[in-house]
Amino acid sequence: KQHMYLEGKTIKQKSGALDLHVATTGVDTKLLDALCKSNGLLADSLGTPLAAEVIATNILDEPTLQIGGNSPNAIFETVLNIRDGVISTAKETPTTVELLLSSELTQHLLKDLGPVLSDIRSVSQPIQMTILNASSSLDNDVSKLQATVQIDIGEVELDSGSITMRILPMFNSTHVDSIPATFDPIHMEITNGVIRYKEFHLTLDNKYSIPYSGAINLV
């Protein structure tokens, strides 16, 4: 019941390297999750189907992939290198992603990146992610994950049942069902599968500022 459309060409260079330029639509991200063994992360964060354009060089030896695309929940652009069983972003070339908030995104990605992020129920703009110097083993070993990440969330509404809401009576907030809040940009370093945050602030009800910092071991 699903259809994927693919067109493109390969070019053999004088050096013997094989390059590829391809455009595709209707890609099922659940299929990509199965191939990448990513446990549903792509489908939950990007949605499905996916459309993308790929410009790849030296695909038979050490590929470099320039990829841009969109899906129901995302717009993204990246440059990836594959070397010796490791996939990595090109040095000093940012991977940029815009994500629309969904319950699947909250539970699968945001919750893993920080407990307070799982309290978000609506945002005023797409979530912006910038990733630098990321690398991961192709065998999905989280202990080898490295990256520098910035997440810009901005203005949000927090869930009325969240931990943040339960401490609000001490602030005498007039909001009952949900509370407006604003996130500072979140900067994190991931080293060997461990996320370490620079301190950032969550401002509640335009009055109260809560600092957050710490570490999360993804392994």
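On average, how much area does the Cα convex hull of segment 57-127 cover when viewed from any direction, in nm²?
Taking a quarter of the hull surface, the average projection is 6.3 nm².
Hey, if you drop one equal point scatterer on each alpha-carbon of segment 1-42 and run the Debye formula without solvent, what base-10 log of I(q)/I(0) do you get at q = 0.14, 0.23, 0.33, 0.34 Å⁻¹?
With one equal scatterer per Cα and no solvent, log10 I(q)/I(0) is -0.51, -0.81, -1.01, -1.03.
At 1.4 Å probe size, what's the solvent-accessible area of Glu53? Round to the nearest 10 Å².
Counting only protein heavy atoms, Glu53 exposes about 90 Å² to solvent.
For Leu32 and Val194, what does the FRET efficiency come to when R0 = 45 Å and r is the distance between their Cβ atoms, rounded to the nearest 0.05?
Once rounded, the FRET efficiency stands at 0.95.
Can you pull the one-decimal nm distance between simple spin-label points at Thr25 and Thr93, each 7 Å off the Cα toward Cβ?
Rounded to a tenth, the inter-label distance reads 2.6 nm.
Run the numbers for Leu138 and Asp61: contour at 0.36 nm per residue of separation, minus the present Cα-Cα distance, in nm.
Extra length available between Leu138 and Asp61 comes to 26.2 nm.
In what sequence, largest accessible area first, do Ile179, Ile59 appear using a 1.4 Å probe?
Largest to smallest exposure gives the sequence Ile59, Ile179.
Tell me, what is the FRET efficiency for Ser209 and Ser122 to the nearest 0.05, using R0 = 25 angstrom and their Cβ-Cβ distance as r?
FRET efficiency, Ser209 to Ser122: 0.75.
What translational D, rounded to a whole number of µm²/s, comes out for segment 14-159 from Stokes-Einstein when the hydrodynamic radius is the Kirkwood one over Cα pairs, at 25 °C and 0.890 mPa s?
After rounding, the answer is 150 µm²/s.
How big is the gap, in Å, between the Cα center of segment 79-134 and the Cα center of segment 182-219?
If we compute the Cα centre of each part, the gap is 14 Å.
Can you tell me how segment 23-73 classifies by the Cα gyration tensor, rounded, prolate or oblate, using a/c under 1.5 as the rounded cut?
Here segment 23-73 falls in the oblate category.
What is the magnitude of the charge dipole of the chain about its Cα centre, with +1 placed on the Cβ of each Lys and Arg, -1 on the Cβ of each Asp and Glu, and no other charges, expressed in debye to the nearest 20?
That gives the chain a dipole magnitude of about 320 debye.
Could you provide, to the nearest whole Å², the per residue accessible area of the chain with probe 1.4 Å?
57 Å²
Tell me, which longest segment in the chain has none of the trypsin sites (Lys or Arg not before Pro) that fall in DSSP loops with at most 16 further Cβ atoms within 10 Å?
92-206
Stretch Gln146-His201 to full length: gain in nm at 0.36 nm per residue minus the Cα-Cα span?
Here the segment from Gln146 to His201 would lengthen by 17.4 nm.
Calculate, for Asn217 and Val86, the FRET efficiency according to 1/(1 + (r/R0)^6) with r their C-beta to C-beta distance and R0 30 Å; round to the nearest 0.05.
Between Asn217 and Val86 the formula returns 0.90.
The values are calculated or read from the model by the stated rules, or taken from the named source; none is laboratory data. Since we're looking at a predicted model, the values are computed, not measured. All Cβ positions, glycine included, derive from the backbone under ideal geometry; neighbour counts span all protein chains shown. Please note that ligands, DNA and RNA were not included when accessible areas were found on the heavy atoms of the full protein model with its side chains. Shrake-Rupley method; radii C 1.70, N 1.55, O 1.52, S 1.80 Å.
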